[in-house]
Structure formats: structure tokens, C-alpha cells
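First up is the structure itself, then whatever we jot down about it.
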Amino acid sequence: MSGTAVASAPAVPAERAPTPARRGAALPAVSLLVLYLALLLLIPSELVLAEVGSAGTPANLLGLAFLLWWVCARLGGQVSARLTPMHLALGVLVLCVLLALVNGLAHGWTRPVDIRQDFDEVWTLLPVTETELFDKSVLGAMRGLIALGSWVGVALLIIDGIRSWPDLDRVIDVLVGLCAVVAALGIYQYFTGDNLARHVQVPGLSPTYDVGVSISRSVLNRVSATTTHPIEFCVVLTTVLPLALHRAFHPRRTGTVRRVLTVYLPAALIALAIPMAVSRSGIVALGTAMLVLFVGWPANRRLWLLVLAPPAAVLMRSALPGLLGTIRSLFTQSLTDPSVTARTDDYGTTLALYSEHALLGRGAFTFIPQYYRVLDNQLLLNLIELGILGLTATLGVFATGYYLARHAKRHADSEEHRHLGLALSAAIAAMFIAYFTFDAWGFAKTGAVTFVLLGLAGALYRLEHTARAPEPASTDR
């Protein structure tokens, strides 16, 4: 082919241009991610493969397959796209987790006599032998590796498997739609007291404990749907709400009916269900997400929010009597709330454990509540289990995800993509704040959604850079 012929060839649009990522293996990444999200959000977390234990959820096992594929594809050269900052941040976190496990196995585990809490059940106060503690700690660490490996595998598949803006839009649409289904189940549970999740049965899966147990607070039903606890329900929906609002502001559906059913209704269901969990952690996360969105929105959208918020609160107060008052009391009475004082009492006792393995930690998922105490602070848990290096790596993945989302907000080539960057940064910031208020990695859906959001930030960064990259010069083969 002559040079003239090459020069006259029509240019390929940037969004359709072949990239190194598109030359990878023909793995249906988006379809697999849709399957993963369905398994994650629709199957109750209590249903697991009995041989694996609490980490053996169908979503976790599929996520491990994603990790195995990614490693093999990278080693085999089938995925040759450049690594992103999120790849590096995830790699550092994985390294810290492995180092912490090796350190724990090398030095063993101890339990201080004063680690238990006064209100713990009597049977948990019984002495434990070193052999039992060691065996249970190793088992917890192995289950932790399964969970973390799965979550990292999902993030990597999202980053390297999402190859176009339509792919990214489809994954976000499915995530929002499935969360809307979870929200609808929660709304039904709030009004009836019946959690439909308890009727879900999957052949081959066994419950680790009772499925769909309802919890109440001030005579209100705290909803959980397919999640393990109302806190998890509230945090998951809160962190997906910015993406639901993004889709509502930038709908891709044509036709009024389709747009209402597939765009506006999911956002409304998620927003309505969030307060029904009556969760302080979720409300704090919601405030964080809305603050990030409010600061980043244009003036007219801020004005609409300020105008609509008061009548919406009045309507909710009338339709859901007692709900807003109960939520308000969570904060006005927080200084005397046992759930708050228990969190603050954790620091002195547990930091003594941190000092034993300050640098590398004792191993992820080895701080077992049955032998120690419940820590409602994932960052404090990571300090104890992963050491200062692991905590720094945890902060690093959040900082990287937030930075990549904000980078897209500043540099994306369209208003829709810039708003997506804003929505993702709000979701990541909300999840990060939630890590201060409960043990997020102890809940299958919260941990997984964290890494889904981080993966989406990495994919957004890659697509934004691909769209701006100049078309490579053609060469005669």
C-alpha cells in the first residue's frame, strides 16, 4: 500500500479507535459483570457454598475466576493495555495483605485478657487455647483472601474489560437497576415487616445463619432486604445513589414511559429506601455524597435541590410518620447512645494489639469478633490487621479512585462524562466515610461494591484518556 493511500484513509473516530485493551481475549466482560452484579445483589449474603464457609458466596467465587483470568491474560499477553494508577494502588494493597498474613503466621496470635466488652455474651468470655486461636485465625485469614481476591478480581475486570462508553453505561445501568430491586424489597419490608429475601433458595447453597431476619428501632422496621444488616443496606444504596442521579440527569432511554421506568423510578426507589434502614452510618454517608454532588453541580441544579428538599421532607414526614424523628434522634442522642460509646471505647484496648505488629499487621480477617470484640470501624480494623502499611494502602486505593473520578470530571470531553466523574467521586467519598463507622469488609456486599466503584473509576480514567489520545499512525505491514 502506498503512502498516499494510507494518508487518504478515513480517520477512525476516537471512541471507536482500536486500543491495546481491545486487542485482548474475546472475553464477554460486560456480560460477566452483569452476572456478577446479579449474584451479588439479588442472592442473600447468608447463602454460601458450605464447603468454603462465609466467604463462599456465588459472587465471591465468580470474582475469584475473574482474578484468575486477569492474571493469565496479563501473563499471556492477551491484555496488553497500559497499567493505570488504580492497578498500582490495588497491587500495593494486595501486597500488604499478603505480607500481613505471612507476619501473622510467623508470629502467631494472642488475645489480651481485657479485650472483651462488658456486654458480650457470657459464652464468649470463656478462655481460648492458643491452638484454637491459631486455627481459627488461619481459617479467617484464608476466607479473607478469598473475599479480597474476589473483590480485586472484579475491579481488574472492570478496568480492563470495559472497552467503550456504551460498556460503561451498561454496567452502571445494571448496577443502578439491581439496587433499585433491592430498594423495592426493602420498601416492602418496611411496610409489612416481611423480608422477601428469606424465601430465596438456591440449590447447592446453605445459610450460614438465619436469612432475612427483621430488626426494629423505635417500633420501626429497619430494612435489610438481601443484605446482611440494615447498615449494609443503607450504605450500599447510598453509594449507588449518585450513579442513579447521574443516569436521571443524563438518560439514554427514548420515550417517556421507558425513561420513567428505567431511569427515574430506580433513582426514586433508592432515595426512598435509604432512610428506611434507620442507620446513622448510612445517613452520614448520604450527607457526604450529597455534599460532594452539591458542590460540583451548577447553580441551577443546586437551586432546584434547595427548593425541592423542604417539601420532600414534609411529604416524607406525612407518608412515613416517625421515620424522620427517629433518624434525628440518632444524632441528637448520639453522646449517650451505646452504639456510639462502644465505638469510642474500642480505641484504647485495640491499639495495644496494633502495637504488637505495627508495621505489617497480624493478617486480614484475623481479628475475629468471637474471640476479640466487634469493631465498627474498618479503618481501625485495617490498622490492626494490616499494620500502618496496610492502612496506608487502604487510604491509597480510596485516594486513587477519588482522584481518577475527579480527573475525569475536569478533563472529560462531554458534560455527561464530566458528571459521571462527579457522581463516582461522590460515591467513593461516601463509602470512605462509611469505613469509619462500621466494619465494611465484614459485609459481603459492602466490600464488593467498594471495589466495583474503584474499578469504575479506573475504567472511566482509561476511557477518558483513550478518547483524548491521538490516533496512531498507520503502518504498512
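The number of residues in segment 177-200 that are part of a loop (DSSP other than H, G, I, E, B) and in contact (Cβ under 8 Å) with a residue 60 or more places away in the chain comes to 1.
Comparison of A399, A358, A364, A412 shows that the only residue that is among the hydrophobic types (A, V, I, L, M, F, W, C) and within 17 Å of the chain's Cα centre (by Cα) is A399. Within segment 165-183, the residues that satisfy the criterion of being of a type outside the set (F, W, Y), crowded, with 18+ Cβ neighbours inside 10 Å and over 15 Å from A38 (Cβ atoms) are L168, A183. Restricted to segment 80-94, and to residues there that are at pLDDT below 95 and not hydroxyl-bearing (S, T, Y), the residue that is surrounded by the fewest Cβ atoms within 10 Å (Cβ to Cβ) is R82.
Identify, by number, the condition in (1) among the hydrophobic types (A, V, I, L, M, F, W, C); (2) buried (at least 24 other Cβ atoms within 10 Å of the Cβ); (3) not in a helix (DSSP H, G or I) that A358 doesn't meet. All conditions are met except number (2). Just for segment 80-94: of the residues that are under 15 Å from L454 (Cβ atoms) and outside any helix (DSSP H, G or I), which one is nearest to the chain's Cα centre (by Cα)? Here the residue is T84.
In segment 405-416, is there at least one residue being within 25 Å of L64 (Cα to Cα), at pLDDT below 95 and outside any helix (DSSP H, G or I)? No, that holds for no residue. The residues on offer are L454, L381, L389, and the sole one that is more than 23 Å from V235 (Cβ to Cβ) and assigned to a helix (DSSP H, G or I) is L389.
Candidates G77, G63, G56, G104: the one that is in a helix (DSSP H, G or I), modelled with pLDDT under 95 and either crowded, with 18+ Cβ neighbours inside 10 Å or not basic (K, R) (or both) is G104.
All of (1) under 16 Å from the mean Cα position of the chain (by Cα); (2) part of a loop (DSSP other than H, G, I, E, B); (3) aliphatic (A, V, I, L, M) hold for V171 with one exception: (2). Within segment 139-160, the set of residues being closer than 12 Å to V52 by Cβ and not charged (D, E, K, R) comprises L139, M142, L145, I146, A147, S150.
Can G282 be described as surrounded by 15 or more Cβ atoms within 10 Å (Cβ to Cβ), within 25 Å of A429 (Cβ to Cβ) and modelled with pLDDT of 85 or more? Yes: the conditions hold for G282. The set of residues from segment 236-258 being buried (at least 16 other Cβ atoms within 10 Å of the Cβ) and among the basic types (K, R) comprises just one member, R247.
Cβ-Cβ contacts under 9 Å between residues 6 or more apart (or on different chains), taken from a first residue in segment 38-59 that is free of Cβ contacts under 8 Å to residues at least 24 places away in the same chain to a second residue that is crowded, with 23+ Cβ neighbours inside 10 Å and in a loop (DSSP other than H, G, I, E, B), are listed as L39/T57.
The values are calculated or read from the model by the stated rules, or taken from the named source; none is laboratory data. Note that this is a predicted model, so its numbers are computed, not measured. For neighbour counting, all protein chains shown are included, and Cβ atoms are generated from backbone atoms with ideal geometry for every residue, glycine included.
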